[in-house]
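No lab work stands behind these numbers, since they all come straight from the coordinates. This one's a predicted model, so the numbers in the text were calculated from it and none came from an experiment. Please note: Cβ atoms are built from the backbone with ideal geometry, for glycine as well, and neighbour counts cover all protein chains shown.
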Amino acid sequence: MDAILFEHVSKRYQIGIQHHSLRDAIPMLFAGGRPELAKPGQDGTFWALTDVSFRVAQGETLGIIGHNGAGKSTTLKLLSHITKPTSGTIRSHGTLAALIEVGAGFHPDLTGRENVFLNGTILGLKRAEIRRLFDRIVAFAELERFIDTPVKRYSSGMYIRLGFAIAAHVDPDVLLIDEVLAVGDIAFQQKCLQRIQELKQQGKTMIFISHNLNAVQRLCDRVLLLVNGRIAAEGPAAQVINDYRTRVITSERKRFTETLAKQRLQQADAGAVQIEEVRVRNASGGVAETFETGEPMTIEVAYACTRRIERPTLRIAIERLDGFTCHVASTQRDGLAVPPLEGRGVLTLTYPTMTLLPNAFHVSVEISEVGRIAPLDSRKHGCFFTVISERYDGGLVHLEHEWQWQVANGNNT
Amino acid sequence: MMWDDLKRLGQFKDLLVTMTLRDIQVRYKQTFLGAAWAVAQPLAFMLILASLKSLVFRESMSEGVPHTIFLYCAMVPWMFFQSGLTFATTSVSGNMNLVKKIYFPREIFPAASILACVVDFAIASVIFVGMMAWYRIPFTASLLWVPVLFLVELVFVLAAGLFIAASNVFYRDVKYLVPLSVQLLLFASPVIYSVAQVPESLRPWYQLNPMAVVIDGFRKAILHGTAPDLGVLGASLAVALLLCAAAYVYFKRVEAKFADLI
C-alpha cells in the first residue's frame, strides 16, 4: 500500500503583488476581482511545481534532491499540509510529522524544559508521552545541566541539539526530513544519521530532502530529482545521484567558461604562459567525462608561452565539486625538473589506476616558475569529470584491501 | 466539513493546552510584577474612573451600589474581552515562523491566546471576591449565573478572535482597527454607566451587542442577586454561537493561504 501518493500536483505562488493593506484591496474589490487574482498573473506568478506525480510505498525511504529552488521544500510543505496544491491531489495514510528546520517551534523566553513540551506537542506528541520521553530527549541532546535555562541563552549548537532530540523521538507513520543534517557539528550529524537509520530499520516511511548526496545515497531506497519544479529523474539512489552530478557538472562548466573569459582579459599581460585547455583522457586515449574506479586516467594540459620559461613547475589538483581536495600532484614535490617551456605544447599526468570512488570532480592546474611566488597561470575548474562504479565501497577512494579470517574452532578436541 | 475540522482540532488538544501555557508563561516572563499585571490593569482603570465620579457621575448612575464595585464588576468581563481580542489579533501573524514550517490546525493560535486571558480573568475575579466581602455584597445563589454569562462572553470573544486573527494575516490594517473598535464598543456597553440609562426605545438594538447583555448580566447576578433576562441571554448566546460558527468556517477557508503569504 502507498503511504503517500502525489498525482499531477502543481503549485503556483504569487510573487511581487500582495495586498497587505485595505487601501490596495478595496479598489480591487470595486474593480470586480478578488484581491489575490486582481492583477493578471503572467509576470506575478511562479510555478514552484509543475505536474509532479510520485508514490511512496510503506516502509520505503524516498530521497528528493535538486538545486536550490527546484521545488524540494515546496513538495515537503505540500506533504505536510502547510500549503495546498494549486491543482492535483495528494493522498497520505497514517500520521505524518515533519522535521523541517529543527527548533522552529522554540520560544526564546521559555526554558529548555518548557520548549521540549511546546515543540513536542507541535510535532504531534501528547503531553503524557513527552513526560515519559523527557529524560531520554534531554540525554540525547546532552543538555542535562541547561534544561532549565531559557533557550535564548543557548548557543546555536545547543539549540539545534535540543531541536533534533525532540524531533527524533516523535513516532509518526511517515517522517519528513528536510536538510536537518546541514547543521550541527560532525559528531552530532553522525548521531542524527544513526537515529534516522534506526527509524528506517523500524520500517518507518521516510522522505528525506538533502544536499548531502552521500547521506541520501546511504539512506534512500529511491531518489527523485527535481529540476525547475518538474521530476527530471527517478530511480535507484546511485543512478539518480549520478544523473544529478552530470547535470551539475554541465552547468558548472558553463559558468566557469564564462567567468574564465573575463579573468583572461584582466590578467592578459601577466601571462608569460597561458593554460589553453585541460582535458582528461581514458585508457583508449579518447577525451572522456566519465570514468570507472580503477581505470587509468590521463590529464593533459595544453599551454602557450609568450617567452621562454627556464624552470617551470606544474601542479595539478583533483578536487571534489564541493571544493574538497582529493589529490595534488606537483612536479616540485615529486622532485622533477621540467624542461624549459617554449611556444606551445602539452604536459600530461597519468594515473595508472585512478582509485577515486563515485562522485563529481574538477581539475585545477597551476604553472609556476621556480623563484616566483605567484603562479604564471592557473586554472581552477579546468575540466570536470564524474566517476562511476559497479561496486560502491563508501568513502572517497578505493583502497586495495583483503580480508582474513582466523576462525577459532570451538569443536576442536 | 466543519465537523471534520473540529475532530482534527480534538486530536490536537494537547497542543492547545501547551500553547495556552506558553502564552501565559511568555506574557509575564521578564516582567517585574508578573501576574500582578492582571490585577493592576482593571484596578488602575477603575481607580481613574472612580476618582472622576464626583465630577461626572451621579450616585443614581451606579444602580444603588458603591460606585467602585459597580465599575469593577464590569471591568472584569470587559478586560477579558479587550485583552482576548488584543492578543488574538496578532496570534497568527506573530507566529509566521511556525505557520510556514509545521502544520497543525491554525485556530489553535487565537484559541490559545484567548484561553490564556482566562487566567487573568480568574486572578481579577479573586480580587473581586475580596472586594465583595469588603463592601458587604451578599453572596447569593444567583452567582451561579456567572459561569453561564462567562461562557456566552467566551464564545463571542472566540468568534471575534478567529475572524480578526485571520484577517490580520491578509490586512495589517486590522491591527489598528481592533483597538479603535474595542474603544467604540466600550461606549456601546454598560461599563461606565448603567443599562438603566439607555433609553427604553433603543434597548432592543442595544442588546444586540452580546457584551452589553453579558456585562449587565454580571451586575444583576453579582450585585443585585437577580437572574438575567433569560430571553435576552438566550438570544445573545445564539448570536454568539452563530458568529462563532461563521468565523470558524471563514477561518478554515482562508487558513491554507496563510503559509503562502509573508
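Per-structure values
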read-out: Charge dipole (debye, nearest 20) of chain B; +1 at Cβ of Lys and Arg, -1 at Cβ of Asp and Glu; value: 540 debye
read-out: Charged-residue dipole, Cβ positions (Lys, Arg, Asp, Glu), the stretch A:267-388 about Cα centre, Debye nearest 20; value: 240 debye
read-out: Selected from A:Thr45, A:Thr75, A:Thr355 as most flexible by GNM, with chain A as the system and alpha-carbon contacts under 10 Å; value: A:Thr45
read-out: For the stretch A:267-388, radius of gyration divided by Kirkwood radius, i.e. Rg to Rh on alpha-carbons; value: 0.97
read-out: Helical segments meeting 20 Å axial Cα length and Kyte-Doolittle 1.0 threshold in chain B (DSSP H); value: B:37-56, B:67-89, B:108-134, B:145-170, B:173-187, B:230-255
read-out: Sum of -39500 (n - 2.57) over DSSP H runs of 4+, divided by residues of chain A (222 nm, nearest 500); value: -8500 deg cm²/dmol
read-out: FRET E, pair B:Asn97, B:Trp205, Förster distance 41 Å, beta-carbon r, rounded to 0.05; value: 0.40
read-out: DSSP bridge orientation in chain A - percent antiparallel, rounded to nearest 5; value: 75 percent
read-out: Simple spin-label estimate for A:Asp2 and A:Thr149 in nanometres, 7 Å along Cα-Cβ; value: 4.8 nm
read-out: For the stretch B:142-197: rounded, prolate or oblate by the Cα gyration tensor [a/c cutoff 1.5]; value: oblate
read-out: Cβ-placed point charges (K, R +1; D, E -1), dipole of chain A about Cα centre in debye, nearest 20; value: 1000 debye
read-out: Lys/Arg +1, Asp/Glu -1 at C-beta; chain B dipole; positive extreme among B:Ala188, B:Tyr176, B:Phe104; value: B:Phe104
read-out: Three-way shape label, the stretch B:2-260, alpha-carbon gyration tensor, a/c 1.5; value: prolate
read-out: Calculated SAXS-style log₁₀ I(q)/I(0) at q = 0.09, 0.10, 0.14, 0.17 Å⁻¹ - the stretch B:144-262, Debye, Cα scatterers; value: -0.30, -0.37, -0.66, -0.89
read-out: Efficiency of FRET between A:Ala302 and A:His401 - r from beta-carbon atoms, R0 41 angstrom, step 0.05; value: 0.65
read-out: Calculated FRET value between A:His93 and A:Gln332, using beta carbons and R₀ = 45 Å, to 0.05; value: 0.10
read-out: Helical mean residue ellipticity (222 nm; -39500 (n - 2.57) per DSSP H run of 4+; nearest 500) of chain B; value: -23500 deg cm²/dmol
read-out: Global geometry of the protein assembly as shown, whether rounded, prolate or oblate, following the gyration tensor of its Cα atoms and the 1.5 cut on a/c; value: prolate
read-out: Span-rule helices in chain A, defined as complete DSSP H runs reaching 27 Å or more along the axis (Cα) with Kyte mean at least -1.0; value: A:237-266
read-out: Given charges at Cβ of Lys, Arg, Asp, Glu: chain A dipole, positive-most of A:Phe140, A:Leu396, A:Gln239; value: A:Phe140
read-out: Distance between the stretch B:87-123 and the stretch A:335-399 - C-alpha centres, whole angstrom; value: 59 Å
read-out: Cβ-based charge dipole, the stretch A:289-338, positive-most Cα from A:Ala317, A:His327, A:Cys305; value: A:Cys305
